[in-house]
Amino acid sequence: MLTPAGMRISADEVVVDLPYEHYAAPDLDQWAITGWVATRGGAPIGIAVLGAGRYAAPIAQLYTSRRTWTSIVSRLGNSPKDAPLDAAGVVSGRTDADRSALDVLCRVLARRPDWRPQLANPTRTTQFLHDMALQDHRPITQAHGVRRRTLETLTVMRRLGFVHPLQGRPLPDESRPEASGVVQAVVDGLSANRYALPPDEAHARALVHRHYLDVVPWPFAALLPADRGENAAAPGTARRRTAR
C-alpha cells in the first residue's frame, strides 16, 4: 500500500514501512522495486521489493512470512534480501508494465514530496487506480532505428537531451519545448556532422514527435498537487503539452 509517508507492506503479522526518501537511495539504507524470479535461474516475471542496510532484515521477514504454496515454490529462485509483491508464475506484459510504473512512481515520490499528500485522498487514489487500469503504462525502450537516417537522427536527439529518462515516458506535468525549436536543433545537429546524411526536416520532425513530443505520459496525473491548474481540476487526464 502506498501512503503519504511511504510504502507499507504486510505479510501475516509482519508490517514493514519503507519511506520514499530511501527509495533507490545512493547509500547503504535503501529499498527498491525489482523483478521476482519464479524459479531458480528463471527470468524476472513478477514484482518484488528489495532491501539493503536497515531494510534488509524487515524485508527478509516478509519473505519468510509468506505461507502460500506459490510463495514457497517461488523461494527456490530468490534470496531473503527480496520479497514478492506479485509472485507471478507466468510471463505477463501487464505485470511488467505495473512493475515499471511502480518503480517510476516511487522514484518520483522520493524527489517530489508535494505529490505524496494526494495518496491520503480517497478520490485521488481511486482516480489514480482507474487511470492505471485503463491507460497505457508500459515502459518505452530506447529507439535505435535500422535505416541510417533514422539512426543518425535518434543519436542527435539523445545527445541534445530530447529523451524521457524515466523509462521512456514523461511525467504528466512535464513541460516540453516548442516543436519547431526541437526540430531545428535536431536538423542543426545533423548538419554539423559532416559524416551524416543531409538533413531531412520532415523525417526529423516525424521522429521528434513520435519519440519525444507525442509520447503519452505516465498515468499519474491524479497525484499532482492541487495547485497544478487543469491537471488538478481533472485528475487522471493525461494532458500533452506538445506545441506544434
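The values are calculated or read from the model by the stated rules, or taken from the named source; none is laboratory data. Because the structure is predicted, anything quoted here is derived from the model rather than measured. As a convention, Cβ positions derive from the backbone with ideal geometry for all residues, glycine included, and neighbour counts pool all protein chains shown. When the accessible area is computed, the model is the full protein with side chains, heavy atoms only, and any ligands, DNA or RNA have been set aside. Shrake-Rupley method; radii C 1.70, N 1.55, O 1.52, S 1.80 Å.
The figures follow:
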item: PHE162, PHE220, reordered so the largest accessible area comes first (probe 1.4 Å); result: PHE162, PHE220
item: Relative contact order (%) - the range 166-227, alpha-carbon pairs under 8 angstrom, separation at least six; result: 50 percent
item: Using θ = phi - 60° and Karplus 6.51 cos²θ - 1.76 cosθ + 1.60, couplings along the range 187-198 (whole Hz; Gly, Pro as x); result: 4, 5, x, 5, 5, 6, 9, 5, 8, 7, 5, x
item: Accessible area in the full protein assembly, largest first, 1.4 Å probe, for VAL14, VAL108; result: VAL14, VAL108
item: Sites THR3 and ASP227 - FRET efficiency at Förster radius 25 Å, r taken between beta-carbons, to 0.05; result: 0.70
item: Amide H contacts of ALA196 (H built 1.01 Å from N, under 5 Å, at least 5 apart or other chain); result: none
item: HN-Hα J in Hz across the range 101-113 - Karplus 6.51, -1.76, 1.60, θ = phi - 60°, x for Gly and Pro; result: 5, 5, 4, 5, 4, 5, 5, 5, 4, 5, 10, 10, x
item: Carbon + sulfur, % of accessible area of the range 81-135 - ligands and nucleic acids excluded, 1.4 Å; result: 57 percent
item: Per-residue ³J(HN,Hα) for the range 140-153, Karplus 6.51 cos²θ - 1.76 cosθ + 1.60, θ = phi - 60°, Hz, x for Gly and Pro; result: 10, 6, 4, 7, 10, x, 10, 5, 4, 4, 5, 4, 5, 5
item: Part-to-part distance (alpha-carbon centres) for the range 139-169 and the range 181-227, which is given in Å; result: 9 Å
item: Area of SER180 that stays accessible when all protein chains are in place (1.4 Å probe, Å², to 10); result: 90 Å²
item: Accessible carbon and sulfur surface of the range 140-230 relative to its total accessible area, %, 1.4 Å; result: 54 percent
